[in-house]
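Here the structure comes first, spelled out in structure tokens, and everything after it is commentary.
The values are calculated or read from the model by the stated rules, or taken from the named source; none is laboratory data. In this text the structure is predicted, and so the values were computed from the model without any measurement. Counting neighbours? That spans all protein chains shown, and the Cβs are built from the backbone with ideal geometry, glycine included. Heavy atoms of the whole protein, side chains included, go into the accessibility calculation; ligands, DNA and RNA do not. Shrake-Rupley method; radii C 1.70, N 1.55, O 1.52, S 1.80 Å.
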Amino acid sequence: MNTLNPSTNPTLSIMEKIAGHEQVVFCNDPVSGLQAIIAIHDTTLGPALGGCRMAPYASVDEALDDVLRLSRGMTYKCAAADVDFGGGKAVIIGNPATDKSPELFRAFGRFVDSLGGRFYTGTDMGTTMDDFVHASRETSRIVGIPEAFGGSGDSSIPTAEGVVYGLRATIETLFGSDDLSRATYAIQGLGKVGFKVAEKLLLAGATIYVSDVNEAALAAIVTQAEMAPGTVRVVSPHEIHLTDADVFVPCAYGGVIHAQNIALLPCKAICGSANNQLADEQLAHVLMDRGILYAPDYIVNGGGLIQVADELYGANHERVLLKTRHIYDAVLEVFKESHAENITTVEAANRMCEKRMQIRAKHNNIFTNTTKPKWDIRNH
Ligand code: NAD
């Protein structure tokens, strides 16, 4: 198992940087203009899974640092979501607004296919489902494509479901009951995930405070509240994290909790979908000292990952929602471990994932003479 943290230290050689990874593939296709890097961090739990980003990286080094960091994060995210995948990620160097073409994504698909099932991928920042429809003409190792092409469609549905499970585990830990109506919530961002979370909380009879820069989303949730037992109050985007609600629910963007605002947070807990909510992981210690319960984002927002991983069994929304319940158990386990060991919830989450990988590594000892994952129905 390779859990070393790749360093972004510019003095390190490439081999030193990738020391914690199993495999890093540089892809170059001058005909389509494709320049990409695929990083496979760890396949203890199964083939690597991770989205493909496209961005105008200033240098290959910058792209390499990004793909190494992101693929390592996927190893932990897959372990937390209890899916049979390891961590991987890909980056395409280029401007998503001007450098895309069907040929470029087909070339990328051929590189993915050349890995023989060691890496599965799909959309991420800068890429769309349509891009991966092109890639899927060259390889079956693509997930998260539209339902019309055999994919599982909108992943924000299970992501929102998972956030609500995370909130239940948080409320249970705070108040000894997972009845959502007993707490108040400050939701930052009413996009694909945040809006659905807000709807579910209103249906459960909770009082929610909401903010968004999009007036239409605010108007829509106020309308929803008229038909639900819960109550909604609109708050300015500048003040949502200062709202006196029990739980702060970040569902807009990363880095919302930083050194300048952490001392001002009035909430008892933080649990939302946004990636990388803490501007710096060390801030988890400050939250712990302040008695604020932090549900690690990569566990809470794993519903979308559960859906794309499940796609390889044949799309089935009901089964995905059942599997998303793992998030409730995982968040509770992390809170209990953090309390018992007097460590931050981020440390407890990382330990839980490392333990899961160690257990699986120990039991992956029977050679079965199969090279293809048996569960991928498209391999037959
Ligand atoms: P989205 O783009 O649909 O929604 C983001 C919302 O935040 C938008 O409504 C936007 O107007 C709002 N917003 C932007 N700036 C704001 C501000 N200053 N204050 C308040 N609101 C603001 O994105 P999404 O798919 O709902 O994802 C939300 C977060 O969850 C992102 O960080 C995303 O990376 C993460 N996430 C999403 C999924 C998924 O399945 N969609 C999965 C895992 C993680």
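Observations, loosely collected:
- Within segment 127-146, the set of residues being of a type in the set (A, V, I, L, M), open to solvent by less than 50 Å² (accessible area, probe 1.4 Å) and either in contact (Cβ under 8 Å) with a residue 40 or more places away in the chain or farther than 16 Å from Ile37 by Cβ (or both) comprises Val133, Ile142, Val143, Ile145.
- Per-region count, segment 284-296, residues open to solvent by 20 Å² or more (accessible area, probe 1.4 Å) and either under 14 Å from the mean Cα position of the chain (by Cα) or at negative phi (or both): 6
- Taken over segment 334-367, the residue count meeting the criterion of being within 26 Å of Ala279 (Cβ to Cβ) and surrounded by 12 or more Cβ atoms within 10 Å (Cβ to Cβ) is 17.
- Any chance Ala63 is open to solvent by less than 10 Å² (accessible area, probe 1.4 Å), free of Cβ contacts under 8 Å to residues at least 40 places away in the same chain and aliphatic (A, V, I, L, M): yes
- All positions within segment 221-255 that are within 15 Å of the ligand (Cβ to nearest atom) and in a loop (DSSP other than H, G, I, E, B): Val235, Ser236, Pro237, His238, Glu239, Thr243, Ala245, Cys251, Ala252, Tyr253, Gly254, Gly255
- Selected residue (criterion: most open to solvent (accessible area, probe 1.4 Å)) from residues of segment 98-126 that are β-branched (Val, Ile, Thr) and under 25 Å from the mean Cα position of the chain (by Cα): Thr123
- Pairs, first open to solvent by 60 Å² or more (accessible area, probe 1.4 Å) in segment 304-329, second modelled with pLDDT under 95 and of a type in the set (Val, Ile, Thr), C-beta under 8 Å, six or more apart: Tyr313/Ile377; His317/Ile157
- Residue under evaluation Gly88, criteria (1) surrounded by 24 or more Cβ atoms within 10 Å (Cβ to Cβ); (2) closer than 13 Å to Gln35 by Cβ, criterion not met: (2)
- Failed item in (1) open to solvent by less than 30 Å² (accessible area, probe 1.4 Å); (2) in contact with a helix residue (DSSP H, G or I) (Cβ under 9 Å, 6 or more places away or on another chain), with Ser71 passing the rest: (2)
- Taking segment 112-150 as the range and being part of a loop (DSSP other than H, G, I, E, B) and in contact with a strand residue (DSSP E or B) (Cβ under 8 Å, 6 or more places away or on another chain) as the test, the residues that pass are Leu115, Arg118, Gly122, Asp124, Met125, Gly126, Thr127, Ser136, Arg141, Val143, Gly144.
- Enumeration of residues in segment 83-105 that are over 30 Å from Arg319 (Cα atoms) and free of Cβ contacts under 8 Å to residues at least 60 places away in the same chain: Val91, Ile92, Ile93, Asn95, Pro96, Ala97, Thr98, Lys100, Pro102, Phe105
- Selection from segment 174-220 of residues that are among the acidic types (Asp, Glu) and assigned to a helix (DSSP H, G or I): Glu199, Glu215
- Within segment 50-109, the set of residues being assigned to a helix (DSSP H, G or I) and in contact with a Pro (Cβ under 6 Å, 6 or more places away or on another chain) comprises just one member, Leu68.
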